[in-house]
Amino acid sequence: MSRVYNFCSGPAALPEAVLKKAQAEMLDWHGAGVSVMEMSHRSSEFMSILASAKARLARLLDIGDDYDILFVQGGASTLFAQIPANLTNGFDSACYLDTGAWSSKAIKEAKRYTKVDVVGSSKEQNYSTVPDFSTLALDENAAYLHICPNETIGGVEFSDLPETSLPIVADLSSTILSRKIDVSKYGLIYAGAQKNVGPAGVVICIIRKDLLARSADDLPSIWNFAHLAENDSMINTPPTYAIYLADLVFEWLEGQGGVEAIEAVNIRKAQALYDFIDSSKFYSNPVDPAFRSRMNVPFILADDSLGALFIEESEAAGLRTLAGHRSVGGMRASIYNAMPMEGVVALIDFMRAFEKRHG
Ligand code: PMP
């Protein structure tokens, strides 16, 4: 068996220690005589896994008692619709910041439910930067302000939040648990699991409890945040194995020293890669240096015609999935929590050698 360095944007690399633990527990979880996949979601065993995942996440992100943690199904894209369906009840509009492909998709879905005010956009800058927050046209009577602090495709990330009295709703799919955040500044945080949390199939949703009152009774039950909270995310069968894996990833992260410790590693990884790209005339990164993502590093080759060869040779060197998103082309290295520094060093060494051979 040989495992490679996997730079996929998602589903992304998982910590090897987590995969090994899941493998060891696969046939017989803690003496239950069955795998987690085979046990009732209402069994005391699974209930203990769910409780553990919630408790660990609450510790890792320092989530206060005024928030509920939900495990939702359907991917982060479902939340693009589920959020306005729940939170715009009683309001005439919602504010959205447009910083890239994922913000745009969230805007498109929200328009089915409410009037959307796009309060700022970097579209004209080809989504290579983030609008100046002091220029945002915020309507303080709107239902909420939606932001996407890490645009996975564009490789654009911001950590400051706009000044507003509105509940901030944030799509943290590709940045959750990679850096410290102050949860109390958000109304709702959501994140598809398949980058920094676990396998695809579950979405983390952290919601301030007062916002649950907005969910109208005529919503489909499994879409209703208030019902989900009342039923501990178990209105129907939850994605049990994905939640179990998430618990193992949270346990691993605690063992790494938590979010602050992994953030320090993430800073070093991103710095090394951007420093190399900036030092080269062959590779370039198109993003405003103030807003470069620590998780998703897009780069382009000076000679675009070498792209296919770059992919072929990198795969042969054990560096997997470096092609950029199909909508933008170029290359992209996703370096989430599970990517060790050694993987980034291997990538830089390969890029340097490739430039020497073909540059
Ligand atoms: N938001 C962001 C920031 C993403 O990166 C993605 C997936 N790459 C999504 C939403 C959509 O996630 P899903 O495929 O789980 O619907």
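The values are calculated or read from the model by the stated rules, or taken from the named source; none is laboratory data. Owing to the predicted nature of the structure, the values given are computational and were not obtained by experimental measurement. Using ideal geometry, Cβ is built from the backbone for each residue, glycine included, and neighbour counts are taken over all protein chains shown.
As an exercise: evaluate V169 against (1) of a type outside the set (K, R); (2) outside any loop (DSSP other than H, G, I, E, B); (3) away from the ligand (no atom under 16 Å from the Cβ) and give the number of the one condition it does not meet.
Of (1) of a type outside the set (K, R); (2) outside any loop (DSSP other than H, G, I, E, B); (3) away from the ligand (no atom under 16 Å from the Cβ), only one is false for V169: (3).
If I ask for residues that are β-branched (V, I, T) and free of Cβ contacts under 8 Å to residues at least 60 places away in the same chain, which ones from region 98-136 would you list?
Within region 98-136, T99, I107, T114, V116, V118, V119, T135 meet the criteria.
Among the listed residues D278, D232, identify the single one that is surrounded by fewer than 22 Cβ atoms within 10 Å (Cβ to Cβ), on the phi > 0 side of the Ramachandran plot and not in a strand (DSSP E or B).
Only one candidate passes the filter, namely D232.
Name the residues in region 73-120 that are within 16 Å of the ligand (Cβ to nearest atom) and polar (S, T, N, Q), would you?
Q73, S77, T78, Q82, T99, S103, S104 - these are the residues of region 73-120 that are within 16 Å of the ligand (Cβ to nearest atom) and polar (S, T, N, Q).
Do we find that D62 is surrounded by fewer than 20 Cβ atoms within 10 Å (Cβ to Cβ), more than 16 Å from the ligand (Cβ to nearest atom) and not aromatic (F, W, Y) in this structure?
Yes, satisfied.
If I go through region 10-40 residue by residue, how many of them are at negative phi and buried (at least 18 other Cβ atoms within 10 Å of the Cβ)?
Looking only at that region, the number is 9.
Suppose we filter I189, I204 for residues that are free of Cβ contacts under 8 Å to residues at least 24 places away in the same chain, under 13 Å from the mean Cα position of the chain (by Cα) and more than 27 Å from I300 (Cβ to Cβ); which single one remains?
Selected residue: I189, the only one of I189, I204 that is free of Cβ contacts under 8 Å to residues at least 24 places away in the same chain, under 13 Å from the mean Cα position of the chain (by Cα) and more than 27 Å from I300 (Cβ to Cβ).
Against the definition (among the polar types (S, T, N, Q), without any contact (Cβ under 8 Å) to a residue 60 or more places away in the chain and buried (at least 16 other Cβ atoms within 10 Å of the Cβ)), how does S314 come out, yes or no?
Answer is yes for this residue.
Being within 30 Å of the chain's Cα centre (by Cα) and of a type in the set (D, E, K, R) is the filter; apply it to region 295-312 and report the residue that is nearest to S159 (Cα to Cα).
Restricting to residues being within 30 Å of the chain's Cα centre (by Cα) and of a type in the set (D, E, K, R), the top hit is D304.
Right, A81: without any contact (Cβ under 8 Å) to a residue 24 or more places away in the chain, in the same structural domain as E25 (by TED's automatic domain parsing) and surrounded by fewer than 18 Cβ atoms within 10 Å (Cβ to Cβ) or not? Lay out the reasoning, then the answer.
Values: without any contact (Cβ under 8 Å) to a residue 24 or more places away in the chain: no; in the same structural domain as E25 (by TED's automatic domain parsing): yes; surrounded by fewer than 18 Cβ atoms within 10 Å (Cβ to Cβ): yes.
So A81 does not fit the description; no.
A quick yes/no check of all residues on (1) in contact with a His (Cβ under 6 Å, 6 or more places away or on another chain); (2) surrounded by 22 or more Cβ atoms within 10 Å (Cβ to Cβ):
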site	(1), (2)
L228	no, yes
T237	yes, no
A272	no, no
P289	no, no
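Within region 35-45, identify whether any single residue is of a type outside the set (D, E, K, R) and either under 21 Å from the mean Cα position of the chain (by Cα) or farther than 18 Å from D232 by Cβ (or both), and answer yes or no.
Checked region 35-45: at least one residue is of a type outside the set (D, E, K, R) and either under 21 Å from the mean Cα position of the chain (by Cα) or farther than 18 Å from D232 by Cβ (or both).
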